[in-house]
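The values are calculated or read from the model by the stated rules, or taken from the named source; none is laboratory data. Treat the numbers as computed from the prediction; the structure is a model and nothing was measured. Quick reminder, even Gly has a Cβ in these numbers, built from the backbone with ideal geometry, and neighbours come from all protein chains shown. Keep in mind that these areas ignore ligands, DNA and RNA; they rest on the heavy atoms of the full protein, side chains included. Shrake-Rupley method; radii C 1.70, N 1.55, O 1.52, S 1.80 Å.
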Amino acid sequence: MNFKTGEIYNGFKLIEMKTVKEIDSLGLLFEHDKTGAKLYYITNDDTNKVFSISFRTPPKDSTGLPHILEHSVLCGSDKYPIKEPFVELIKGSLNTFLNAMTFPDKTMYPIASMNDKDFMNLMDVYLDAVFHPRIHTEKEIFLQEGWHYHLENVEDDIHYVGVVYNEMKGAFSNPEEVVGRKIQESLFPDTPYGKESGGDPEFITDLTYKDFIDFHKKYYHPSNSYIYLYGDGDVLEHLAYVNDEYLSKYEKIEIDSSIPLQKSFDEPRESVYHYPISEKESIEGKTFLTINFVTGTSLEPQTHLGLEILTHILLNSPSAPLKKALLEAQLGKDVSGSFDGGILQPVLSIMIKNSEESKKDALKDTVISTLQSLVENGLDKDQIKAAINITEFKLRESDYGSYPKGLMYGIAIMDSWLYDADPTMHLEYEQHISDIRDGLKDNYFEKLIQKYLLDNNHRSVLIVKPEQGLVDKHDEEVIQKLKKYKETLDEKDLQELVQQTKNLIKNQNTPDADEDIEKIPILPLEDISTESEELPLRVRKYEKNQMLYHPINTNGIVYADLLFNIKNVKTELIPYVALLARYLGEVSTGKYSFEQLTNEVEINTGGIDYDIDVYGDVNNLGVYNPKFIIKGRALTINLEKMFEIFQEVICNTKYDEKQRLKEIIQSSKARTEMIFMSVGHKIVANRVNSYYSNSAKFLELINGVDYYYFIKDLEANFETKFEEIFANLKQASELLFNKNDMIISLTCTEDDYSSFTEAFHGLYNGLTDNKIEENEFEFDLQKLNEGLMTSSKVQYVGKAYNIKKLDYDYNGVLQVLKSIVSTDYLWNKVRVQGGAYGAFFSIGRAGSLFIGSYRDPNLKITVDTINKISEYVENFTTSEREMSKYIIGTISNLDVPMTPYTKGNIATGNYLRNITHESIQKERNEILNCKVRDIVSTAKLLKDCLEQNYLCVLGNEKKIKGDKDLFENLVDLFE
Ligand SMILES: [Zn+2]
């Protein structure tokens, strides 16, 4: 297709057209003639197509209006008048991405799919949702998703209930999240960025239905929209569709949604915010200190990229000089930097964890004096070179894990497009990287420091500190407020409120009409491929070692992973192996200082990681292979250098750098604590499995609660233990790094294979080769059924067991069961009715079953809900069409697009777990042929597993104590 600027294509005028060579694409900027809607199309040969529609939605207060609206428009529209079209799409489409996101200044609705028909279906449901939601006629949606006074009986106390209300209560009980949210408030007091677009629980209940509706009318209009399309789709067909079905029905209007600039400060500001911890927890060492700088605007792409690299140099590279200075000054236990470029006025932040308010002046002084001396003496040139190289490597590699590439580009273009500038400004990085490299002669980065950090008064110090009993205080305030409110209501008002509550509950419990559900388009099952993708795997030998080779086109990058057997190490040393993974690469070696080592890694490779994985054998219950993995990625020409670094780290790491060890232990402890707060469900899942499974117990020692106790002890007794710690780390490394049973996993093209063979030789010959007696780790497994108590406002509830322990077999039906239980039963009971942010049902091929909740206000109710799953399954019935939908949804969970490295990595994992392509194909067949009766027949399996009653809950102390009969042990997690 030959496009011409100025021409009109199906209602859209082509404004600009250009090749974006960095992503090998053609970019087409259109404007909708009739409404002024903006549309950007990135066309290329990527089959994973992306569509998104965004609106500029600056909040005027902190009620979370944009966020509540984001949830609500997905609760039914004119064309799709059901409660949750979003959930129906999760159930029954081939989407590779489906979500909605509220940002500080925009709301975005993206979808992705590799199937053309599916893509159009998803796009239609989303467009109808944003333009014709049912919120205007059904106030219940606002009450459910936002907030409402909940009163089931006249004599009860009134409560606030609402999906976003609960979600944000959870968000605000996580201090790290609070810090992130409050930084903008401290820097932008006069602009929308000073408001909380997600909603501060304290203000959410100020939001009225009228404001909510008016906001939609005002901002969700084509004239205020940004439509993005990406991939190998038919451009003209997509334009015609968007125009004919939606935009052509609107007229252009003037909408002022522009984002004003915050005037710079005359002098730096300071603010303090409190976060809750329990009465018993000590407040010592739990303060977060941050310094934040507003750095120009996001419309200066080179500076934007330069500041991103500078943040890495100063704060995030392992040997970053500012981080080093702050740690040496003992201002806190973990230091990190971030550059937030996703708003009009980007912010560079320095964050210190585990600190004290009293250290804030020392922090300011250290930051300023260190930066001054860096400007005077110049940054280390090798370090700059390293940072530029690693940034460029990552940009070229575009490995965003499970996120579609097109989605990430779609988010990046908003960083300029939303502010009326060139959409691809930030995608076209090549020239900027090259200019920045040239700028090195001219002290480019030192100038950035001078201008944006030292000579910049638009900055803030934000202190976020703990306060004992704050949760209770807040709760009490809310109780009093609601009590007072109740007193203002007369009998009639109360009756009305009870009626409203009852209607809401009834509404939630009433299923949608079948004919309405059927309006959501689904693909016929025949359109689903019956073949599962075979991942490339050649089992070869490298000398005497096993080599798992994955021939894939990787754009000139070689991914080489070395897997060492952890069973070579004694049981007592297992947690030290975990510490070793954090220690290697972070200290000096015989040849390199720690700083030089970091530079060598970043100049020559795309990164080297030290990781631990456990491969459970799917055919043999209880058999598992724990591996310590050194992962490297580099261009072919740098391979030899990369393996030299591997060798240096493996053979010559120093085990005597006391100060570094101390810092590593401290930051490891701080990070583990953060994991408890942010992804508690993962902690619970592994913990509950560890009551009966050796491999889960092993993982506990590597990164669970057990590891936390271990690292906490090392920190507390560091001075008396450090020599012992070094001795144990050294011993663990000597036992581990032994080529006797090492496995190589390699992902690259056949052409690069020979380069690998040559480059690897030196390292291979340098590795020791001892026959070591393998240990079968023996753990003392106990059914602990713990309540892990913290000050969190929400719970993470989990029950688990292994079906194979009860002699049930794994098959594909269980994956369909997973889709049904999680998107129907758990979604309704735990999320919609219970108010939890999420609920999970997972079943692994090795047989482990886990059911749990995420950010859950309840505890016992959720346990009961989980226990009743078998009843639900026993009585499960549905139409053939619905069943097809669950099957499609299940397949879409399996057929996720993968990056080259992910393919290689999964193929290696499958091999080590004994998962064959035949077994994957068999599972797929079972999924495609699954019938209602197959699902019903799993009820007994569920009942038997749940009756084993393996339970673990992480969450609020009071709540856990209130239901203490459920537990065998109550544990103060942070005591
Ligand atoms: Zn949300």
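Inspect segment 388-403 for any residue being surrounded by 15 or more Cβ atoms within 10 Å (Cβ to Cβ) and touching a strand residue (DSSP E or B) at 6+ places or on another chain (Cβ under 6 Å) and give the result as yes or no.
no
Consider residue 142 carefully, then state whether it is under 21 Å from residue 87 (Cα atoms), among the aromatic types (Phe, Trp, Tyr) and within 16 Å of the ligand (Cβ to nearest atom).
In short, yes.
So is residue 836 touching a residue at least 24 places away in the same chain (Cβ under 8 Å), within 16 Å of the ligand (Cβ to nearest atom) and not in a helix (DSSP H, G or I) or not?
Answer is yes for this residue.
Quick check: anything in segment 244-252 open to solvent by less than 60 Å² (accessible area, probe 1.4 Å), part of a loop (DSSP other than H, G, I, E, B), out of contact with any Asp or Glu (no Cβ under 9 Å at 6 or more places or on another chain) and not hydrophobic (A, V, I, L, M, F, W, C)?
There is at least one residue in segment 244-252 that is open to solvent by less than 60 Å² (accessible area, probe 1.4 Å), part of a loop (DSSP other than H, G, I, E, B), out of contact with any Asp or Glu (no Cβ under 9 Å at 6 or more places or on another chain) and not hydrophobic (A, V, I, L, M, F, W, C).
Looking at segment 52-91, which of the residues that are farther than 27 Å from residue 169 by Cβ and in contact with a Pro (Cβ under 6 Å, 6 or more places away or on another chain) is farthest from the ligand (Cβ to nearest atom)?
Filtering first and then ranking leaves 77.
Condition check ((1) β-branched (Val, Ile, Thr); (2) surrounded by 19 or more Cβ atoms within 10 Å (Cβ to Cβ); (3) without any contact (Cβ under 8 Å) to a residue 24 or more places away in the chain) across all residues:
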residue	(1), (2), (3)
802	no, yes, no
822	no, yes, yes
856	no, yes, no
877	yes, no, no
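What tally of residues in segment 255-271 results from selecting those that are part of a loop (DSSP other than H, G, I, E, B) and open to solvent by 90 Å² or more (accessible area, probe 1.4 Å)?
Number satisfying all stated conditions: 5.
Checking residue 274 against (1) farther than 30 Å from residue 956 by Cα; (2) open to solvent by 60 Å² or more (accessible area, probe 1.4 Å), only one condition comes out false. Which one?
Tallying (1) farther than 30 Å from residue 956 by Cα; (2) open to solvent by 60 Å² or more (accessible area, probe 1.4 Å), residue 274 fails exactly one: (1).
Name the residues in segment 275-312 that are hydroxyl-bearing (Ser, Thr, Tyr) and under 25 Å from the mean Cα position of the chain (by Cα), would you?
Residues satisfying the conditions are 275, 287, 290, 298, 311.
Looking only at segment 222-243, which residues are open to solvent by less than 20 Å² (accessible area, probe 1.4 Å), closer than 30 Å to residue 58 by Cβ and out of contact with any Asp or Glu (no Cβ under 8 Å at 6 or more places or on another chain)?
222, 224, 225, 226, 227, 228, 229, 238, 239, 242
Is it the case, given these coordinates, that residue 151 is surrounded by 23 or more Cβ atoms within 10 Å (Cβ to Cβ), of a type outside the set (Asp, Glu) and more than 14 Å from the ligand (Cβ to nearest atom)?
Here the answer is yes, as residue 151 does meet what is asked.
Out of curiosity, is residue 453 at pLDDT 95 or above, within 26 Å of residue 269 (Cβ to Cβ) and surrounded by 17 or more Cβ atoms within 10 Å (Cβ to Cβ)?
yes
Can you name the number of the only condition in (1) without any contact (Cβ under 8 Å) to a residue 40 or more places away in the chain; (2) open to solvent by 30 Å² or more (accessible area, probe 1.4 Å); (3) within 29 Å of residue 395 (Cα to Cα); (4) not acidic (Asp, Glu) that residue 6 fails?
Of everything listed in (1) without any contact (Cβ under 8 Å) to a residue 40 or more places away in the chain; (2) open to solvent by 30 Å² or more (accessible area, probe 1.4 Å); (3) within 29 Å of residue 395 (Cα to Cα); (4) not acidic (Asp, Glu), residue 6 misses just condition (3).
Scanning for something exposed (fewer than 14 other Cβ atoms within 10 Å of the Cβ) and either in contact with a Gly (Cβ under 8 Å, 6 or more places away or on another chain) or among the acidic types (Asp, Glu) (or both), does segment 517-528 turn up at least one residue?
yes
Take segment 20-46 and flag every residue that is within 17 Å of residue 397 (Cα to Cα) and touching a Lys or Arg at 6+ places or on another chain (Cβ under 9 Å).
Selection gives 22, 23, 46.
Could you list, in sequence order, the residues of segment 37-57 that are more than 24 Å from the chain's Cα centre (by Cα), over 19 Å from residue 122 (Cα atoms) and open to solvent by less than 10 Å² (accessible area, probe 1.4 Å)?
Within segment 37-57, just 37 meets the criteria.
Since residue 160 meets every condition but one in (1) open to solvent by 10 Å² or more (accessible area, probe 1.4 Å); (2) under 28 Å from residue 119 (Cα atoms), which condition does it not meet?
For residue 160, the exception is condition (2).
Name the single residue, out of those in segment 758-777 being part of a helix (DSSP H, G or I) and open to solvent by 50 Å² or more (accessible area, probe 1.4 Å), that is nearest to residue 577 (Cα to Cα).
Filtering segment 758-777 for residues that are part of a helix (DSSP H, G or I) and open to solvent by 50 Å² or more (accessible area, probe 1.4 Å), the one nearest to residue 577 (Cα to Cα) comes out as 765.
Quick test of your reading of the structure: residue 674 fulfils all but one of (1) open to solvent by 10 Å² or more (accessible area, probe 1.4 Å); (2) in a helix (DSSP H, G or I); (3) under 20 Å from residue 842 (Cα atoms). Name the failing condition by number.
(3)
Within segment 168-195, how many residues turn out to be open to solvent by less than 20 Å² (accessible area, probe 1.4 Å) and either within 15 Å of the ligand (Cβ to nearest atom) or within 24 Å of residue 832 (Cβ to Cβ) (or both)?
Final tally of qualifying residues: 6.
If you check 96, 107, 102, which single one turns out to be within 16 Å of the ligand (Cβ to nearest atom) and either in contact with a Lys or Arg (Cβ under 9 Å, 6 or more places away or on another chain) or open to solvent by less than 30 Å² (accessible area, probe 1.4 Å) (or both)?
Testing whether each residue is within 16 Å of the ligand (Cβ to nearest atom) and either in contact with a Lys or Arg (Cβ under 9 Å, 6 or more places away or on another chain) or open to solvent by less than 30 Å² (accessible area, probe 1.4 Å) (or both) leaves just 107.
Yes or no: residue 532 hydroxyl-bearing (Ser, Thr, Tyr), touching a Lys or Arg at 6+ places or on another chain (Cβ under 8 Å), in a loop (DSSP other than H, G, I, E, B) and touching a residue at least 40 places away in the same chain (Cβ under 8 Å)?
The answer is yes for residue 532.
Among the residues of segment 77-104, write down those that are β-branched (Val, Ile, Thr) and either at pLDDT below 90 or more than 16 Å from residue 508 (Cβ to Cβ) (or both).
The answer is 87, 90, 96, 102.
Just the residues that are outside any loop (DSSP other than H, G, I, E, B) and over 15 Å from residue 582 (Cα atoms), please, taken from segment 611-626.
Across segment 611-626, the qualifying residues are 614, 615, 616, 624, 625, 626.
Within segment 586-607, track down each residue that is open to solvent by 20 Å² or more (accessible area, probe 1.4 Å), within 22 Å of residue 768 (Cα to Cα) and not charged (D, E, K, R).
Hits for segment 586-607 are 590, 592.
Looking at this structure, is residue 552 closer than 30 Å to residue 878 by Cβ and β-branched (Val, Ile, Thr)?
For residue 552, the condition - closer than 30 Å to residue 878 by Cβ and β-branched (Val, Ile, Thr) - is not met.
Out of the residues in segment 125-146 that are touching a Pro at 6+ places or on another chain (Cβ under 9 Å) and more than 19 Å from residue 224 (Cα to Cα), which is surrounded by the fewest Cβ atoms within 10 Å (Cβ to Cβ)?
134
Select from segment 548-579 the residues that are assigned to a strand (DSSP E or B) and under 16 Å from residue 755 (Cβ atoms) and list them in ascending order.
549, 550, 551, 557, 558, 559, 560
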